[in-house]
Amino acid sequence: MDKNAHLNRVIVDFKKLTPEVLKLLVDRYPDGYDDSDIISFRNSHGERIDAVEVLTVDTKYLVKISEKLEYTMENYDEDDYEDFDNDDPAAVPEPDLS
């Protein structure tokens, strides 16, 4: 049995990424994640999703992998989010990847 089976499960897309979850990601994967960290599954539409996992006391977050996520993790600075609530997805701006 999965020791984390009792946790709430939340799938997070970049658009819904909060400062709290971003910090958890950077703390868990300070040098980035690699293939062994990636969890693949199919969503309700049959689409393949690749994600990385972070845990809190009561929640298991599966954060969808994207180029925006990787860029944001690489350029993370905690001070950028000090004026926002930890659960505010509007606090994490979409990066300009051009």
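The values are calculated or read from the model by the stated rules, or taken from the named source; none is laboratory data. Please read these numbers as outputs of a predicted model, since none were measured by experiment. Cβ placement follows ideal geometry from the backbone for every residue including glycine, while neighbour counts extend to all protein chains displayed. Accessible surface is based on the protein model in full, side chains and every heavy atom, while ligands, DNA and RNA are left aside. Shrake-Rupley method; radii C 1.70, N 1.55, O 1.52, S 1.80 Å.
What to note about this one:
- Residue in region 18-30 that is touching a residue at least 60 places away in the same chain (Cβ under 8 Å) and touching a Pro at 6+ places or on another chain (Cβ under 8 Å) present: yes
- Breaking point among (1) of a type in the set (Gly, Ala, Ser); (2) modelled with pLDDT of 95 or more; (3) open to solvent by 60 Å² or more (accessible area, probe 1.4 Å), for SER98: (2)
- In region 25-34, the residues that are open to solvent by less than 70 Å² (accessible area, probe 1.4 Å) and at pLDDT 95 or above: LEU25, VAL26, TYR29
- Residues of region 1-15 satisfying the condition of being surrounded by 14 or more Cβ atoms within 10 Å (Cβ to Cβ) and under 19 Å from TYR81 (Cα atoms): VAL12, ASP13, PHE14
- Which listed residue is of a type in the set (Val, Ile, Thr) and in a helix (DSSP H, G or I), from VAL21, VAL10, VAL52: VAL21
- Residues that are surrounded by fewer than 15 Cβ atoms within 10 Å (Cβ to Cβ), closer than 18 Å to GLU20 by Cβ and among the hydrophobic types (A, V, I, L, M, F, W, C), drawn from region 35-83: LEU55, VAL57
- In this structure, LEU97 does not qualify as within 15 Å of the chain's Cα centre (by Cα), at negative phi and of a type outside the set (Phe, Trp, Tyr).
- The one condition in (1) at pLDDT below 95; (2) within 26 Å of TYR81 (Cβ to Cβ) that GLU47 fails to fulfil: (2)
- Residues that are touching a strand residue (DSSP E or B) at 6+ places or on another chain (Cβ under 7 Å) and of a type outside the set (Gly, Ala, Ser), drawn from region 30-51: TYR33, ASP37, ILE38, ILE39, PHE41, ARG42, ASN43, ARG48, ILE49, ASP50
- Among the candidates ASN86, ASN8, residue that is in contact (Cβ under 8 Å) with a residue 60 or more places away in the chain, polar (S, T, N, Q) and on the phi < 0 side of the Ramachandran plot: ASN86
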